[in-house]
Amino acid sequence: MAFTEINFDGIVGPTHNYAGLSLGNIASASHAGDPSYPRAAALQGIAKMRGNLGRLGVQGYLLPLPRPNAALAETLAFDGTEAPPLRAAPWSASSMWTANAATVSPAPDTADGLCHLTPANLVTMLHRAQEWPDTKAQLDIAFADRAHFKVHGPVPPTFGDEGAANHMRLCEGHGQPGVEVFVYGRPGGRFPARQHEQASRLVARAHGLDPARCVFIEQNPAAIEAGAFHNDVVAVANERVLFAHEHAFADRDGAYEAIRTAFPALEVVEVPASAVTLEEAIRTYLFNAQLVTLPDDTMALIVPEECRNSDTVWQWCERMTASNGPIRQVIPVDVRQSMANGGGPACLRLRVACDPSTVDPRFLLDEAKADLIERVIARQWPEQIDPADVGRETLAAQVIAARASLLSALSLDSLV
Ligand code: SUG
């Protein structure tokens with residue numbers, strides 16, 4: 001298979017739980033303290049990957065990170081008196097949301113013709129800031145081919161970087177030179193603006209992007225306020241199409257104009273607030289969708305089930321697919337366990353446009369491997385985690401063994 005776009009989904013780890021750790025993430029806050037179902041969560045993720053493997057012919061994955069993170073617990077001087085939300089940080093399975101693993105600039109966009117990856121520092125949230133060293137260790141293996149990839153270190157603090165969730169690429173085809181759009185938030189609002197403008201600019205320079213083919217735009221503070229803690233909660237792009245909510249950007253017309261100047265072929269599919277309010281878009285995660293090009297060259301939008309259950313959102317989707325625009329199908333998938341922590345179909349994947357033969361095959365899925373991964377999950381992932389279980393030694397032993405079995409099944413034991 002030649003140059004194409006590969007989605008690397010995060011396999012949901014065995015510690016998946018609801019601790020309400022993410023300020024400004026409404027789903028995370030509203031499910032804090034609920035029991036979680038790690039086995040169901042991980043199987044939902046595998047089912048999504050299988051669907052896309054069938055549709056697109058290629059699918060990758062990244063492995064859960066080592067949790068609980070004993071080094072972080074030690075740094076935080078845990079002695080049993082710490083507050084439960086703090087206790088939960090070393091247990092977080094948040095690396096499942098690989099849209100926050102890194103920012104990726106494919107080879108056709110960069111000065112040296114390599115595909116550049118910068119792991120996201122995720123400094124705004126403690127439970128996420130622990131991710132990057134282990135994420136980088138995986139990227140270093142998956143993209144070890146130095147003739148095709150360059151894996152950078154993260155952006156230094158204090159510039160918050162949340163990776164591909166705030167980055168969109170427009171192009172005529174995945175193998176053609178693209179225009180990269182970086183969306184940042186301005187601090188000072190009720191909720192944290194997680195992506196700092198300087199982090200975005202640093203990544204663009206480090207990746208060797210042509211300044212004329214980079215666009216930096218500000219996220220709408222009202223969208224952050226309404227719960228869009230990442231831009232991918234209100235906008236998604238694929239090839240020449242930008243699918244966005246009317247209120248996604250601070251200066252809507254200016255944003256479209258800046259993108260169009262760099263990329264004249266831009267086609268905007270905009271959802272007006274009169275059809276779907278910002279709140280309903282955020283509740284259903286309509287935009288946290290995978291916008292993909294199918295083999296017949298039409299586009300499909302892979303949305304969470306929650307969209308089909310919303311009359312207004314579903315009516316809009318039906319009107320859109322009937323309208324002869326670029327998006328011809330809307331496909332709901334069940335990722336409810338991830339959704340309850342604020343992660344939809346798009347959060348769960350990192351896109352890398354490259355030739356699959358240049359990627360370490362241990363990170364690429366096929367049907368037999370999907371069966372194998374499912375078997376390990378069904379046998380060893382906890383069925384349920386109650387908030388009081390988080391921090392318990394017996395659960396720690398179970399989840400450490402579960403992850404080790406998965407690594408071993410995939411010949412990635414070196415990641416322990
Ligand atoms: O960073 N949730 C994640 C969700 C990330 C979604 N990713 C994208 N939009 N690309 C976050 O807020 C919840 C964890 C908890 O509350 O226990 C959490 O981290």
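The values are calculated or read from the model by the stated rules, or taken from the named source; none is laboratory data. Being a predicted model, the structure only gives us computed values, none of them experimental. Every residue, glycine among them, receives a Cβ derived from its backbone with ideal geometry; neighbour counts consider all protein chains shown. Side chains included, ligands, DNA and RNA excluded: accessible areas come from the protein's heavy atoms. Shrake-Rupley method; radii C 1.70, N 1.55, O 1.52, S 1.80 Å.
Quick one: check the C-alpha center-to-center distance for region 353-370 versus region 305-349, whole angstrom.
The two parts, judged by their Cα centres, are 26 Å apart.
Please report the net charge: other residues with Cβ closer than 11 Å to the Cβ of Ala402, K and R +1, D and E -1.
Residues close to Ala402 contribute a combined charge of +4.
For the chain, what does the accessible surface come to per residue with a 1.4 Å probe? Please give it in Å². Numbers along the way, then the final one.
On the way: 15340 Å² over 416 residues.
Spelled out: the 1.4 Å probe surface of the chain, per residue, equals 37 Å².
May I ask you to order 379-390, 121-132 by the average number of other C-beta atoms within 10 Å around their residues, highest value first?
Numbers: 379-390: 16.9, 121-132: 22.3.
With the highest mean Cβ count within 10 Å placed first, the list reads 121-132, 379-390.
Specify the angular offset, from 0 to 90 degrees and rounded to the nearest 10, of the alpha carbon long axis of helix 367-380 from the longest principal axis of the alpha carbons in the chain.
40
Roughly what would the spin-label model give for Gln198 and Ala397, points 7 Å off Cα along C-beta, in nm?
Label-label distance for Gln198 and Ala397, simple model: 4.8 nm.
Hey, rough spin-label estimate for Gln329 and Asp366, points 7 angstrom out along Cα→Cβ, what's it come to in nanometres?
2.4
Please work out how much length the chain gains when fully extended from Glu74 to Asp311, using 0.36 nm per residue of separation minus the C-alpha to C-alpha distance, in nm with one decimal.
Values: separation 237, 0.36 × 237 = 85.32 nm, distance 4.84 nm.
Full-extension gain reported as 80.5 nm.
Classify region 1-64 from the C-alpha gyration tensor, please: rounded if a/c falls under 1.5, else prolate or oblate depending on whether a/b exceeds b/c.
Numbers: a/c = 3.00, a/b = 2.19, b/c = 1.37.
Prolate is the answer for region 1-64, as a/c is 1.5 or above and a/b outweighs b/c.
What would the Debye formula give as log10 I(q)/I(0) at q = 0.11, 0.20 Å⁻¹ for the alpha-carbon point model of region 1-114, no solvent?
-0.50, -1.14
When the convex hull of the Cα atoms of region 290-411 is projected onto a plane and the area is averaged over all directions, what value comes out in nm²? Numbers along the way, then the final one.
Details: hull surface 41.9 nm².
Here the figure is 10.5 nm², rounded to one decimal.
In the chain, carbon and sulfur make up what percent of the accessible area (probe 1.4 Å)?
Numbers: 8050 of 15340 Å².
The value for the chain is 53 percent carbon and sulfur by accessible area.
Would you mind calculating the relative contact order of region 251-367 from Cα pairs under 8 angstrom and at least 6 residues apart, reporting the percent as a whole number? Numbers along the way, then the final one.
On the way: 111 pairs, mean separation 24.8, N = 117.
Once divided by the residue count of region 251-367, the mean separation gives 21 percent.
Tell me the Kirkwood hydrodynamic radius of region 60-144 in angstroms, computed as one over the mean inverse distance between distinct C-alpha pairs.
Values: mean 1/r = 0.0702 Å⁻¹.
14.2 Å is the Kirkwood radius here.
With an 8 Å Cα cut-off and a minimum separation of 6 or more residues, compute the relative contact order for the chain in percent.
On the way: 904 pairs, mean separation 98.9, N = 416.
With pairs under 8 Å counted, the relative contact order is 24 percent.
With every protein chain left in place and a probe of 1.4 Å, what is the accessible surface of Lys136, to the nearest 10 Å²?
My reading of the accessible area for Lys136 is about 50 Å².
Please list the radius of gyration and Dmax for the chain, considering alpha-carbon atoms only, with Å as the unit.
Rg and Dmax of the chain, Cα atoms, are 19.8, 61 Å.
Working out 0.36 nm times the residue gap between Ala111 and Ala322, then minus their Cα-Cα distance, what length gain in nm do you get to one decimal?
Values: separation 211, 0.36 × 211 = 75.96 nm, distance 4.10 nm.
The Ala111-Ala322 span can extend by a further 71.9 nm.
Per Stokes-Einstein, at 10 °C and 1.306 mPa s, what whole-number D in µm² s⁻¹ belongs to region 101-161, with the Kirkwood radius over Cα pairs as the hydrodynamic radius?
It comes out at roughly 133 µm²/s.
Ratio of region 161-316's C-alpha Rg to 2.2 N^0.38 Å, to two decimals?
Compared with the compact-globule rule of thumb, region 161-316 sits at 1.01.
What residues have an amide H closer than 5 Å to that of Cys115, excluding those fewer than 5 places away on the same chain, when H is modeled at 1.01 Å from N in the peptide plane?
Close amide H contacts, sequence-distant or interchain: Ala107, Phe149, Lys150.
Run a plain Debye calculation on region 364-416 (Cα atoms as equal point scatterers, no solvent) and give log10 I(q)/I(0) at q = 0.19, 0.26 Å⁻¹, rounded to two decimals, same order as the q list.
Once normalised to I(0) and log-transformed, intensities are -0.70, -1.01.
Region 57-84 to region 207-248: how many Å between their Cα centroids?
Result: 29 Å between the Cα centres.
Return the long-range amide H neighbours of Asn238 (sequence gap of 5 or more, or a different chain), with a cut-off of under 5 Å between placed amide H atoms.
HN-HN under 5 Å from Asn238: Phe243.
Order of 165-171, 405-411, 175-181 by packing, highest average Cβ count within 10 Å first? Mind dumping the intermediate values first?
Details: 165-171: 24.6, 405-411: 15.7, 175-181: 21.0.
Ranked by mean Cβ neighbours within 10 Å, highest first: 165-171, 175-181, 405-411.
Name the long-range amide H neighbours of Trp381: under 5 Å, sequence gap of 5 or more, or other chain; modelled H, no Pro or chain starts.
none
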